[in-house]
Amino acid sequence: MPKIRISKSNVDLVQPGDLDKMFWDDKLAGFGLKVTPAGRKVYLYRYRIFSPGTASVTPMVTFTIGTHGNLTPDQARERAKELAAKVSVGIDPKVEQNKAKRDAEEKANLEVNLSFSRRADLWLEDYEHAKGRRLSSVLQAKSVMRKHLKPALKDKPLPNIGRADIQSVIDAVPVRQKAMRRAVFAYASVLFGWAANRGDIIRNPLSDMAKPESPDARDRILGDQELALIWQASEAIAPQFGAFYRLLILTGQRRDEVASLRWSELDRKSAMWTIPAERAKNARTHLVPLSEKSIEQLDLVSGSKEMWPQTGYVLTSTGKNPISGFSKSKIAIDDRITTARGGEPLESWRVHDLRRTLATGLQRLGVRFEVTEAVLNHISGAKGGVAGIYQRHDWKEEKRAALAAWSTHVERILEGPDRSNVIQLSEAR
């Protein structure tokens, strides 16, 4: 094969033929130029790797350096010198190139298949359909992913996410929002634990992290007049949200249990609401007797005093999904209370305080502790441990009397402060 000085002038002069033409540099061994019939000019380096201490001869290997135009002859020559230096110490440039290519492919595969956003979606699907999973947990998990974890971690591969990355997400949540910081930690830990069990990562990066500080325990009990103000303000907001707050006041059930109430769970004839196990926090079917005032609220929502719908959500803005956006409705209630009080806002309160207020109210009415626990669907105290296994009384009638007494109490505080608001359980029977 002809040898020439591979320089710009000589490369420009070379013309294509019917077949590939090969030219080798007259100074640098192995440095060559291939000219294809289409006129493409490619710089090459040809070499052979010798195994030290052996007489074996390996085949010649051709390494493509690049095309003329993308590289000048001088640049190609410098690259060929670099390759020659590697070959001289036993490094095979072709093997090295193939390894780099495989590493790049593995990295791209890692970034796509193990990206946080993709794995988070897959985990959420598994989490949502797990047996016994409560809707409130699913909704909170989705919220934490959407608002906190996904925006921060985006498509970063799971194996590349460490403790510092998670800590940064937690630190971005205001310190005063202790419950949310704990929620971010908790759901991230479950997700990465799931990924470790699948083999996506070696270990859960949160396993050695300290949990964020727990939120302060609340003991806020709403006074009678505060409860009346909330009830009255609820009558001035969107009907489905107004009914939501009034049912919370009357039944004392959990926020998400009331918000996701379905018509199929209600029986108007027997005045009973049956919360199925899959929706109850303790995974046990819960019977909630409905007072006359609770039925009145449901009649308003259904538009009928005789028959309620058989399917669908009771409290819905779309007809397809339960209500959400509780913070906006609470702001609306607070605004109306502030206006009614001449600009004086109500002392800070939360939705869960309504449940605590009912529990305290039942105590004021002389309701037995076990009955209050049954109304709230708590498994503790008298219903915990061995007693919870063998004592299966459902307290249905006692709960009915207790909630009727509470309903009467609520009616009285709505009538005005000139009435005695504390009644005994026997008065409501």
Exercise for the section: Tell me, please, whether a residue that is among the polar types (S, T, N, Q) and either surrounded by fewer than 18 Cβ atoms within 10 Å (Cβ to Cβ) or on the phi > 0 side of the Ramachandran plot (or both) can be found in the range 293-308. Expected result: yes
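Return the residues of the range 303-335 that are under 30 Å from Val371 (Cβ atoms) and either aliphatic (A, V, I, L, M) or in contact (Cβ under 8 Å) with a residue 12 or more places away in the chain (or both); say none if nothing qualifies.
Selection gives Trp308, Tyr313, Val314, Leu315, Pro322, Ile323, Phe326, Lys330, Ile333.
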Problem - Within the range 79-133, considering residues that are out of contact with any Lys or Arg (no Cβ under 9 Å at 6 or more places or on another chain) and of a type in the set (S, T, N, Q), the one modelled with the lowest pLDDT - result: Asn109
Practice task
From the list Asp155, Asp165, pick out the single residue that is within 14 Å of Arg119 (Cα to Cα), surrounded by 11 or more Cβ atoms within 10 Å (Cβ to Cβ), acidic (Asp, Glu) and not assigned by TED's automatic domain parsing to the domain that holds Val351.
Solution key: Asp155
Exercise for the section: Go through Thr318, Thr339 for me and flag whichever is surrounded by fewer than 19 Cβ atoms within 10 Å (Cβ to Cβ), at pLDDT below 95, in a helix (DSSP H, G or I) and among the β-branched types (Val, Ile, Thr). Expected result: Thr339
Fill in the blank from the handout: Filtering the range 11-44 for residues that are under 21 Å from Glu78 (Cβ atoms), basic (Lys, Arg) and not in a strand (DSSP E or B) leaves a count of 1
Completion exercise
Given the conditions (1) surrounded by fewer than 15 Cβ atoms within 10 Å (Cβ to Cβ); (2) farther than 30 Å from Arg364 by Cβ; (3) polar (S, T, N, Q), every one holds for Ser214 apart from (2)
Practice task
Note down all Cβ pairs under 9 Å where the first residue falls in the range 266-289 and is within 23 Å of His129 (Cβ to Cβ) and among the aromatic types (Phe, Trp, Tyr), the second is modelled with pLDDT of 95 or more and surrounded by fewer than 17 Cβ atoms within 10 Å (Cβ to Cβ), and they're at least six residues apart or on different chains.
Solution key: none
Fill in the blank from the handout: Of those in the range 178-231 that are over 21 Å from the mean Cα position of the chain (by Cα) and of a type in the set (Val, Ile, Thr), the residue farthest from Ala164 (Cα to Cα) is Ile230
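The values are calculated or read from the model by the stated rules, or taken from the named source; none is laboratory data. Just so you know, these numbers come straight off a predicted model, no measurement behind them. Note that we place each Cβ from the backbone using ideal geometry, even for glycine, and neighbour counts take in every protein chain shown.
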